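The values are calculated or read from the model by the stated rules, or taken from the named source; none is laboratory data. Quick caveat, the model's predicted, so the values are computed rather than measured. FYI the Cβ positions are ideal-geometry reconstructions off the backbone, even for glycines, and counts take in every protein chain you see.
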2 protein chains.
Amino acid sequence: MRLATLDNGTPDGALAVVSGDGERVLEIGAPAPTLIALMEDWDGGLAAVQSALVRLEAGEGAAPDKFCAPMPRSWQWLDGSAFDTHGKLMQIAFGLDPIETDRPLMYQGMSDRFYGPTDDISFISEEDGIDFEGEFGVIVDAVPMGTSATDALRHIRLIVQINDWSLRAIAPIEMKTGFGWVQAKPACSAAPFAVTPDELGEDWRDGRVCLDLNIRWNGEQFGKANGREMAFGFHELVAHAARTRDLVAGTIIGSGTVSNAAYAEVGSSCISERRAIEMIERENASTMFMSFGDEIEMRALSATRDEPFGRIRQRVVAR
Amino acid sequence: MRLATLDNGTPDGALAVVSGDGERVLEIGAPAPTLIALMEDWDGGLAAVQSALVRLEAGEGAAPDKFCAPMPRSWQWLDGSAFDTHGKLMQIAFGLDPIETDRPLMYQGMSDRFYGPTDDISFISEEDGIDFEGEFGVIVDAVPMGTSATDALRHIRLIVQINDWSLRAIAPIEMKTGFGWVQAKPACSAAPFAVTPDELGEDWRDGRVCLDLNIRWNGEQFGKANGREMAFGFHELVAHAARTRDLVAGTIIGSGTVSNAAYAEVGSSCISERRAIEMIERENASTMFMSFGDEIEMRALSATRDEPFGRIRQRVVAR
């Protein structure tokens, strides 16, 4: 099944089920009025979700007015960097030494706001190097400290598609301190639909979203990297995060920028990677970062359903 | 005035005013039932807070049953590292090169849970290098992106005292990746009282808490470093955090471990610092990290009021 959150003027919005064609929605209401409430008691809310689905399929519901992110705010957002090709290219882009580690890479990011799929995204300055990062992510229920990767798989309730906005003029400066990113990582955006793993069928394998992430920047094709090349599956990222803390219900865990070894064929999911490839091939980067007015579109493509997560399509504007 | 949160079985607890002697409390109720609600509408809640204070001083209220952290969970926790002496000693402790930057150091930490002042703190393994970090922190109302340091001062509504639990066997491994800390930084603890800046009088100067932080480990004096030596004031840390994001109401910003150049006289606010000092003086560290059963006590000392934030006193236990 697919869930979405409708903008009703409250911070957490109203949770709704989504029709097979993505054209109609129906609010679920109590005991699952919001996605955060459902994550806190998945089993307790499931009957209401399924009942709403039955009513939606029987003809209730309507075209949505405006989607928020599936979870417009969460208590926790932990973003991995699980694609080796992305890591290698970013070290070139940032002019830093390779990271030597056999552990998953992960940072804690801003979780109090996730932009909806069609929201304008405002920044103070183009000079900060505005970049997108196309990712997949998972939402877990409460995960106890010390949970194994095998057990973590059962806590992955929903899968989402994310644009992790990044400011590249600041990122390497913050990274060099070892403290991770604060200024370089403002709020992310999310595609409208959160989907259960079974909804993806064979495209959810080994804790990986084996789908192409199709990205268009100002209407031009930019990338279609596939999510299958994660060095660690999402279940391993969840276990890594839960090694020394209980994960609060509704924690969102990101894959990091989707990236493939065959980047020459499939392109990239962020501008920095393309710039790194230009540096490798031509010794200097010619692609500039985003300007105010630019538009970004991201959608995963599936053989069985065109766009399982719906579509991010939004514009960068001056604050 | 001083505020506290009482354990009423809900995730955010019940907000209360605290008597001058810290012995009695009175719940505030609507429109400020929780601290997070008050931070979202400080001006709208202030009359109710002041009315509760009047009733408390007139004899209403009772001895508290159990304190939570002033804000048991927040949408955002950003911890600085504003004491130069701490930074220098930690690079020695971690065996890393000095961080070369003229910017404030800051990372995003886990915000979905802050332990109360007397909660037992459970960890999976002593091998992870369990350490405390005594800090001060501030809680802000909503801070718009791009707010200056001067304007940020007005957004600092409350000051708190924090123990930032840290796992030292993991910290340098995570730090070397540049991604900041996830496993090395589990949930923090907080002293019971959040105080308004005016409550500290002359001890709140230049956006700094100019008080000694007295720390006892297993009943033995460990440190009494003063908060005045921050290289950046809290208003500058707030402005740094708000450079590229709106800060959500209730964001907590930490000072990092309180540390003084005169560490030989005043001691330290974490074990790692003492170990670094031992390395400098005797070429190897003899003080071990914490064991299960250890007790830590932290209290700021003021000339006008013994313990403005109350006291953290808690035990480390096996998970």
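Here are some notes:
- Residue match in region B:197-217 (condition: in contact with a Lys or Arg (Cβ under 7 Å, 6 or more places away or on another chain), within 14 Å of chain A (Cβ to nearest Cβ) and either touching a residue at least 24 places away in the same chain (Cβ under 8 Å) or more than 19 Å from B:R274 (Cα to Cα) (or both)): no
- Consider region B:236-247 and keep the residues that are part of a helix (DSSP H, G or I) and more than 8 Å from every other protein chain (Cβ to nearest Cβ). The one that is surrounded by the fewest Cβ atoms within 10 Å (Cβ to Cβ) is B:E236.
Table: residues versus (1) among the aromatic types (F, W, Y); (2) more than 14 Å from chain A (Cβ to nearest Cβ); (3) under 18 Å from the mean Cα position of the chain (by Cα).
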position	(1), (2), (3)
B:T150	no, yes, no
B:R157	no, yes, yes
B:A169	no, no, no
B:I173	no, no, no
B:Q183	no, no, no
B:P192	no, yes, yes
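- Any hit, region B:44-55, residues being more than 24 Å from B:I296 (Cα to Cα), among the hydrophobic types (A, V, I, L, M, F, W, C), away from chain A (no Cβ under 14 Å) and in contact with a Gly (Cβ under 6 Å, 6 or more places away or on another chain): no
- Of the residues screened, B:G233 is one that is more than 14 Å from chain A (Cβ to nearest Cβ) and surrounded by 18 or more Cβ atoms within 10 Å (Cβ to Cβ).
- Residues of region B:260-283 that turn out to be assigned to a loop (DSSP other than H, G, I, E, B) and surrounded by 14 or more Cβ atoms within 10 Å (Cβ to Cβ), as a count: 4
- Enumeration of residues in region B:133-155 that are of a type in the set (D, E, K, R), within 18 Å of B:V248 (Cβ to Cβ) and crowded, with 20+ Cβ neighbours inside 10 Å: B:D141
- All conditions in (1) hydroxyl-bearing (S, T, Y); (2) assigned to a loop (DSSP other than H, G, I, E, B); (3) touching a Phe, Trp or Tyr at 6+ places or on another chain (Cβ under 9 Å) hold for A:S286, with the sole exception of (3).
- From the list B:S255, B:S286, the one residue that fits, being modelled with pLDDT of 95 or more and surrounded by 21 or more Cβ atoms within 10 Å (Cβ to Cβ), is B:S255.
- For region B:9-18, the count of residues that are closer than 27 Å to B:S302 by Cα and at pLDDT below 95 is zero.
- Matching residues in region A:97-141 - criterion: being hydrophobic (A, V, I, L, M, F, W, C) and in contact with a strand residue (DSSP E or B) (Cβ under 7 Å, 6 or more places away or on another chain): A:L105, A:M106, A:M110, A:F114, A:I121, A:F123, A:I130, A:F132, A:F136, A:V138, A:I139, A:V140
- Selection over region A:71-114 of residues that are among the hydrophobic types (A, V, I, L, M, F, W, C) and either surrounded by fewer than 20 Cβ atoms within 10 Å (Cβ to Cβ) or farther than 22 Å from B:K185 by Cα (or both) gives a count of 10.
- B:G201 falls short on exactly one of the conditions (1) of a type outside the set (D, E); (2) touching a Phe, Trp or Tyr at 6+ places or on another chain (Cβ under 9 Å); (3) surrounded by fewer than 21 Cβ atoms within 10 Å (Cβ to Cβ), and that condition is (2).
- Cross-chain or 6+ apart pairs with Cβ under 9 Å, region B:88-108 first and within 11 Å of chain A (Cβ to nearest Cβ), then modelled with pLDDT under 90: B:M90/B:L96; B:Q91/B:D97; B:Q91/B:P98; B:Q91/B:I99; B:L105/B:I99
- Qualifying residue in region A:83-95 (condition: within 13 Å of A:A241 (Cβ to Cβ), of a type in the set (A, V, I, L, M, F, W, C) and at pLDDT 95 or above): no
- Consider region B:156-173 and keep the residues that are touching a Leu at 6+ places or on another chain (Cβ under 9 Å) and buried (at least 23 other Cβ atoms within 10 Å of the Cβ). The one that is nearest to B:A37 (Cα to Cα) is B:L158.
- Residue in region A:73-82 that is modelled with pLDDT under 95 and more than 10 Å from chain B (Cβ to nearest Cβ) present: no
- Where strands (runs of 3 or more DSSP E) fall entirely within region B:185-231, those with at least 3 residues that are of a type outside the set (V, I, T) and farther than 15 Å from B:S255 by Cβ are at B:212-217, B:220-226.
- Residue check, A:V54 surrounded by fewer than 22 Cβ atoms within 10 Å (Cβ to Cβ), in contact with a strand residue (DSSP E or B) (Cβ under 7 Å, 6 or more places away or on another chain) and of a type in the set (V, I, T): no
- Search result, residues across region A:21-50 that are of a type in the set (G, A, S), part of a loop (DSSP other than H, G, I, E, B) and without any contact (Cβ under 8 Å) to a residue 60 or more places away in the chain: A:G29, A:A30, A:A32
- Taking the criterion of being among the basic types (K, R) and either over 17 Å from the mean Cα position of the chain (by Cα) or assigned to a loop (DSSP other than H, G, I, E, B) (or both), the residues of region B:289-319 that qualify are B:R305, B:R311, B:R315, B:R319.
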